[in-house]
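Taking it in order: structure first as structure tokens, then the write-up.
The values are calculated or read from the model by the stated rules, or taken from the named source; none is laboratory data. Small disclaimer: the values here were computed from a predicted structure and weren't measured. All Cβ positions, even for glycine, are placed from backbone atoms using ideal geometry, and neighbour counts span all protein chains on display. Accessible surface areas use protein heavy atoms only, side chains included; no ligands, DNA or RNA. Shrake-Rupley method; radii C 1.70, N 1.55, O 1.52, S 1.80 Å.
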Amino acid sequence: MNGTEIETKYEVPSGTALPPLVQLPDVSGTSGPDEQELEAEYYDTGDLRLLRAGITLRRRRGGDDAGWHLKLPVGADTRREIQLPLGRSGRRVPAELAALVRVHSRGAPLRPVARISTRRERTVLLGRDGESLAEVAADEVSAQTMGDSTTVSTWREVEVELTGGDRRLLLAADKVLRRDGLRPARWGAKLEHALDGQLPPPPARRQLSRKSAAGEVVLAYIGEQAAALKALDPMVRRDEPDAVHQMRVATRRLRSTLQSFGKVVSRPDTGHLGDELKWLADALGAARDAEVLAGHLEAAAAQVPDELLIGPVKARIRRHFAPVRAQAQKALVAALDSPRYFALLDELDQLTAEPPLLPRAARPAPAELAKAVARDYRKTGRRIAAAYAVPPGPDRDVALHQARKAAKRTRYAAEAARPAAGRAAKRFAKQIKQVQTVLGDHQDSVIARQADRELGVGAHLAGENAFSYGLLYQRAAGHAGQLQAAAAAAWQQASRKRYRRWLA
């Protein structure tokens, strides 16, 4: 069972009672309270890597959702919950769940770190038609930590979890609960409260501005992308839609940032990490490209009139790409389980913990980062000029692909500089993104033509009529010509002085 959990949690001071919530908007009645006795063992590494990342993994007995529960952070008050039945694994973490947290555990054993007992009174808030809008759980909690030393603690808390209502209901409930003496909880999970004192305080986050140092801004961007990469790892393993693409983008942003700001963060000291990020991006790219190309060709075939689709064209496209995509996903998961990937993650953690900053990192961010973006911008301009100096054909296609890479690096550098450069960097990045997007569509058309030819040859050898694949090839070629003109226009627009004035 999988789902998204949206809830708020409150501390209940001694002597405070839970106020009635039946007067909340859209609530017409309540069901319960029902009493439940819940017993849960929480699992983590010895140094609590999962909890540090906002993840909880537990084995629960009792209630109507007994089983293994893995909760992954998604956003404020929101977590993705993955459930498995208790099964026959006993107290050993199921392999499926262990794999989803491997980006953090990296081979370290997962063991029980706390046992938590909860006496719960659950009330369901009902809508006009009797549907469940939210569940309100009033919990009396008793926790015992496990390990070298043991501590016992007790407390009361209240959870309000949406089941069918929207966030307006949460906000309304928040006002009522605060008014009656409840306080927003200082912890996100019961385990965090049970282990209070064993976790170091989170690092202080400084507000970035035009007065920030260049090193601060660059490291903040690197930290954001590193966190995104790790958060997307479980989704990639589950082959969720767009997860591979997003993780690939985070990986490329990291590598691009190290290249663009090599005068802020020592390029020689990050060269190996950059190479490993390229390896990871390539592994992600194989799976992503198979997915994108299949969708591209299926969409192109869908636009062709039925009378021009001669033979099993759509079926051949699906048959061709299904094993390709499956093999690419299998190879990707193997890469994510490899020692090389874990070493990359360790190196990335080391970079954020002890960054090899150069003297320029202490300079004001606006001017220093603008210089780096300007260098990337000029390189993009040179590559675009060189591409259009080549006659149309395969050589120009290759040159435009190189120009696209340069444009992408320029865009990412501008995005990294945005906290210091403000809206000027945002507007510039938006224009460069348009250049990158059109050139990306052009590259897709190049690869699509290669696939059209390969499919056509396969159809011919199988005794089928290959006419439709030639038609698809010619349409892709015509579209490529239009995209080349569009890319030139997009670059001309992005190069207007009003967008690049901040680079001076």
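Out of Lys278, Lys263, Lys230, report the one residue that is surrounded by fewer than 23 Cβ atoms within 10 Å (Cβ to Cβ) and in a loop (DSSP other than H, G, I, E, B).
Numbers: Lys278 fails: in a loop (DSSP other than H, G, I, E, B); Lys230 fails: in a loop (DSSP other than H, G, I, E, B).
Going through Lys278, Lys263, Lys230 in turn, just one is surrounded by fewer than 23 Cβ atoms within 10 Å (Cβ to Cβ) and in a loop (DSSP other than H, G, I, E, B): Lys263.
Let me spell it out: the conditions are (1) under 32 Å from the mean Cα position of the chain (by Cα); (2) surrounded by 23 or more Cβ atoms within 10 Å (Cβ to Cβ), and Gly422 meets all of them except one. Which number is the exception?
Only one criterion is unmet by Gly422, namely (2).
Conditions (1) in a loop (DSSP other than H, G, I, E, B); (2) within 26 Å of the chain's Cα centre (by Cα); (3) farther than 22 Å from Pro305 by Cα, marked per residue:
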| residue | (1), (2), (3) |
| --- | --- |
| Ala406 | no, yes, yes |
| Gln443 | no, yes, yes |
| Val446 | no, no, yes |
| Arg449 | no, no, no |
| Ala459 | no, no, no |
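Taking the condition part of a helix (DSSP H, G or I), within 25 Å of Glu240 (Cβ to Cβ) and either under 26 Å from the mean Cα position of the chain (by Cα) or small (Gly, Ala, Ser) (or both), does Ala294 pass?
Values: part of a helix (DSSP H, G or I): yes; within 25 Å of Glu240 (Cβ to Cβ): yes; either under 26 Å from the mean Cα position of the chain (by Cα) or small (Gly, Ala, Ser) (or both): yes.
So Ala294 passes the test.
Can you tell me which residue within region 118-165, out of those that are acidic (Asp, Glu), free of Cβ contacts under 8 Å to residues at least 40 places away in the same chain and open to solvent by 60 Å² or more (accessible area, probe 1.4 Å), is farthest from Gly29 (Cα to Cα)?
Asp148
State the number of residues belonging to region 309-325 that are more than 15 Å from Ala476 (Cβ to Cβ), assigned to a helix (DSSP H, G or I) and not basic (Lys, Arg). Working first, answer last.
Of all residues in region 309-325, those more than 15 Å from Ala476 (Cβ to Cβ) come to 309-312, 314-316, 318-325.
Filter once more, so that each one left must be assigned to a helix (DSSP H, G or I): 314-316, 318-325.
Retained after the next criterion (residues that are not basic (Lys, Arg)): 315, 320-324.
Of the residues in region 309-325, 6 are more than 15 Å from Ala476 (Cβ to Cβ), assigned to a helix (DSSP H, G or I) and not basic (Lys, Arg).
Quick check on my filter: what residues within region 166-185 are closer than 12 Å to Asp26 by Cα, open to solvent by less than 100 Å² (accessible area, probe 1.4 Å) and out of contact with any strand residue (DSSP E or B) (no Cβ under 8 Å at 6 or more places or on another chain)?
Hits for region 166-185 are Asp166, Ala172.
Of (1) hydrophobic (A, V, I, L, M, F, W, C); (2) surrounded by fewer than 18 Cβ atoms within 10 Å (Cβ to Cβ); (3) in contact (Cβ under 8 Å) with a residue 40 or more places away in the chain, Val398 satisfies all except one. Which?
Among (1) hydrophobic (A, V, I, L, M, F, W, C); (2) surrounded by fewer than 18 Cβ atoms within 10 Å (Cβ to Cβ); (3) in contact (Cβ under 8 Å) with a residue 40 or more places away in the chain, Val398 violates only (3).
Results for (1) in contact with a helix residue (DSSP H, G or I) (Cβ under 9 Å, 6 or more places away or on another chain); (2) open to solvent by 60 Å² or more (accessible area, probe 1.4 Å); (3) of a type outside the set (Phe, Trp, Tyr), shown as yes or no for each residue.
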position	(1), (2), (3)
Ala301	yes, no, yes
Gly311	yes, no, yes
Lys314	yes, yes, yes
Phe321	yes, no, no
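What about Phe428, is it surrounded by fewer than 17 Cβ atoms within 10 Å (Cβ to Cβ) and of a type outside the set (Gly, Ala, Ser)?
Numbers: surrounded by fewer than 17 Cβ atoms within 10 Å (Cβ to Cβ): no; of a type outside the set (Gly, Ala, Ser): yes.
For Phe428, the condition - surrounded by fewer than 17 Cβ atoms within 10 Å (Cβ to Cβ) and of a type outside the set (Gly, Ala, Ser) - is not met.
Every residue in region 347-399 that is assigned to a loop (DSSP other than H, G, I, E, B) and closer than 20 Å to Ser256 by Cβ, please. Let's see the steps before the verdict.
Step one: filter region 347-399 for residues assigned to a loop (DSSP other than H, G, I, E, B), giving 354-356, 358, 363, 389-393.
Answer for region 347-399, where residues must be assigned to a loop (DSSP other than H, G, I, E, B) and closer than 20 Å to Ser256 by Cβ: Pro355, Pro356, Leu358.
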